[in-house]
Amino acid sequence: MTKNKLVLVSLMVAVAFVASATVSMAKPIKIKFSHVVAENTPKGQMANKFKELIDQRLSGKVVVEVFPNSQLFGDNKVLEAMLLGDVQLAAPSLSKFKKYTKSLQIYDLPFLFSNMAAVEKFQQGPEGQKLLMSIKSKGLIGLGYLHNGLKQLSASSPLRVPADAKNKKFRIMSSDVLAAQFEAVGAMPLKKPFSEVFTLLQTKAIDGQENTWSNIYSKKFFEVQPFITESNHGVLDYLVITSTEFWMGLPDDLRSEIKKALDEAIAFGNTVAAQKAIDDRQKIIDSKRSKVLELTDAERQQWVNAMKPVWKQFEDQIGKNYIDAAIKSN
Ligand code: SIN
C-alpha cells in the first residue's frame with residue numbers, strides 16, 4: 001500500500017469510528033409527562049405504568065419523566081407548554097379543552113351517560129374516535145381516552161335537591177357547560193385550577209365542588225367537606241395528548257413502541273379507575289369525616305330535570321350527531 005493510500009484508509013477508519021461512537025452516544029428522547037393529580041389515582045398510576053413499560057422496553061432510547069401534583073404545569077398552562085415543546089405528554093380532563101375545540105364539551109353534559117360502560121362504548125365508537133382528533137388543527141393529537149369516573153357533589157351543607165344548591169359557590173373546571181350546569185340550579189360556579197381546590201374549601205371561600213371519588217379522596221377534599229351527594233351526574237375522563245410536532249418527529253419504530261406502551265398503560269389505568277371508584281368511596285365513608293348522601297329516585301329526578309336543559313343550550317356548539325350517539329351508548 002502506498003503512503004497516500006495508507007493515510008486515506010486510516011482517515012476512513014477514524015471517520016467510521018467517530019460516526020459509530022456518535023450513534024451509540026445519541027441522547028435518548030425525553031418525554032416529560034405532566035399531570036395535576038396525586039400518584040395514587042387512575043391517572044397517576046397510568047403515568048407511572050407508562051414510565052415503567054418504557055424503561056423496560058426502550059431503555060437508553062427513550063426516557064420518561066413523570067411530574068404529578070401540578071409540579072411542572074397546572075391546568076391552565078400545560079397545553080400551551082406542550083405546543084412550545086416544554087412537555088410531551090399530558091392527560092388533562094376532557095373539560096379543559098374549551099380553547100381548542102367545542103366538540104369535547106359533550107363530556108360535560110350533565111346526566112348524559114348512565115354509567116362508565118356507556119362512556120366506554122361511546123369513546124370506542126366512531127364518534128368518540130373522531131373526537132380524539134378534534135384538536136388536531138391546533139397542533140395537538142389525542143392518543144387515547146383514560147377513565148377516572150363519575151362525579152359526585154361535595155358541599156359544606158347537605159345537597160338533596162337542586163334548591164339546596166341555590167346561591168352556593170361551587171368550584172368548577174374551566175368549562176362553560178359546567179358553569180351552565182350549576183347556573184341551572186341557581187348556584188354560582190367559579191372556574192379554578194385543581195391545585196387551588198383544597199384551600200378554597202378549607203378556607204370556606206367556596207361551598208362545594210364536583211369530582212370523582214378518587215380525586216375527593218386523594219386530595220383530601222372529604223376532610224373539609226362534611227357532605228358528599230352521590231349524584232353520579234357527570235363524567236370526569238381524560239384525553240391523553242401530545243403535540244403533532246413531537247409525535248410526527250419520532251422515528252416510526254419508536255412511535256409505534258411508545259403508542260403500544262401507552263395503550264397498555266391506559267388499559268391498566270382504566271382498571272385502577274374502576275376499582276378506585278369503589279374503594280375510595282368506601283374509605284371516605286369509613287373515615288366518618290364526610291357523610292355520603294344517597295338520593296332517592298325522586299330526588300335524583302329533580303336534579304335531572306333542572307340540569308338537562310343544558311344539553312339544548314350547547315347542542316349547536318357540540319353537534320347533535322355526537323349527542324345522539326352518546327344517548328344511544330346508554
Ligand atoms: C384531574 O383529575 O385531572 C383534575 C380534575 C379537576 O380539575 O377537578
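The values are calculated or read from the model by the stated rules, or taken from the named source; none is laboratory data. The shown structure was predicted, so the numbers you read here are calculated from the model rather than taken from an experiment. As a convention, Cβ positions derive from the backbone with ideal geometry for all residues, glycine included, and neighbour counts pool all protein chains shown. When the accessible area is computed, the model is the full protein with side chains, heavy atoms only, and any ligands, DNA or RNA have been set aside. Shrake-Rupley method; radii C 1.70, N 1.55, O 1.52, S 1.80 Å.
Structure values in brief
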{"quantity": "Matching entry among Ala38, Ala14, Ala81 (being farther than 27 Å from Gly249 by Cβ, modelled with pLDDT of 95 or more and hydrophobic (A, V, I, L, M, F, W, C))", "calculated": "Ala38"}
{"quantity": "Scope the stretch 146-167; condition within 16 Å of the ligand (Cβ to nearest atom) and in contact with a helix residue (DSSP H, G or I) (Cβ under 8 Å, 6 or more places away or on another chain); matching residues", "calculated": "Leu146, His147, Asn148, Gly149, Leu150, Gln152, Leu153, Ser154, Ala155"}
{"quantity": "Looking only at the stretch 283-304, and only at residues there that are without any contact (Cβ under 8 Å) to a residue 24 or more places away in the chain and under 15 Å from Ser154 (Cα atoms), the one that is farthest from the chain's Cα centre (by Cα)", "calculated": "Lys288"}
{"quantity": "Condition check for Ile241: under 20 Å from the mean Cα position of the chain (by Cα) and within 14 Å of the ligand (Cβ to nearest atom)", "calculated": "yes"}
{"quantity": "Residues of the stretch 80-123 satisfying the condition of being part of a loop (DSSP other than H, G, I, E, B) and aromatic (Phe, Trp, Tyr)", "calculated": "Phe97, Tyr100, Phe111, Phe113"}
{"quantity": "Pick from the stretch 168-186, criterion open to solvent by less than 30 Å² (accessible area, probe 1.4 Å) and part of a helix (DSSP H, G or I), ranking: nearest to the ligand (Cβ to nearest atom)", "calculated": "Leu178"}
{"quantity": "Lone unmet requirement of (1) within 16 Å of the ligand (Cβ to nearest atom); (2) more than 13 Å from Ala265 (Cβ to Cβ); (3) open to solvent by less than 50 Å² (accessible area, probe 1.4 Å); (4) touching a helix residue (DSSP H, G or I) at 6+ places or on another chain (Cβ under 8 Å) for Ile29", "calculated": "(1)"}
{"quantity": "In the stretch 80-102, the residues that are within 13 Å of the ligand (Cβ to nearest atom) and open to solvent by less than 20 Å² (accessible area, probe 1.4 Å)", "calculated": "Ala90, Ala91, Pro92, Ser93, Leu94, Ser95, Phe97"}
{"quantity": "Count of the stretch 194-221 residues which are near the ligand (Cβ under 9 Å from one of its atoms), in a helix (DSSP H, G or I) and in contact with a helix residue (DSSP H, G or I) (Cβ under 9 Å, 6 or more places away or on another chain)", "calculated": "4"}
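Residue-wise test of (1) among the hydroxyl-bearing types (Ser, Thr, Tyr); (2) in contact (Cβ under 8 Å) with a residue 60 or more places away in the chain; (3) over 29 Å from Gly128 (Cα atoms).
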| site | (1), (2), (3) |
| --- | --- |
| Phe194 | no, yes, no |
| Phe198 | no, no, yes |
| Gln209 | no, no, no |
| Asn215 | no, yes, no |
| Phe222 | no, yes, yes |
| Phe227 | no, yes, yes |
| Ile241 | no, yes, no |
| Phe246 | no, yes, no |
| Pro251 | no, no, no |
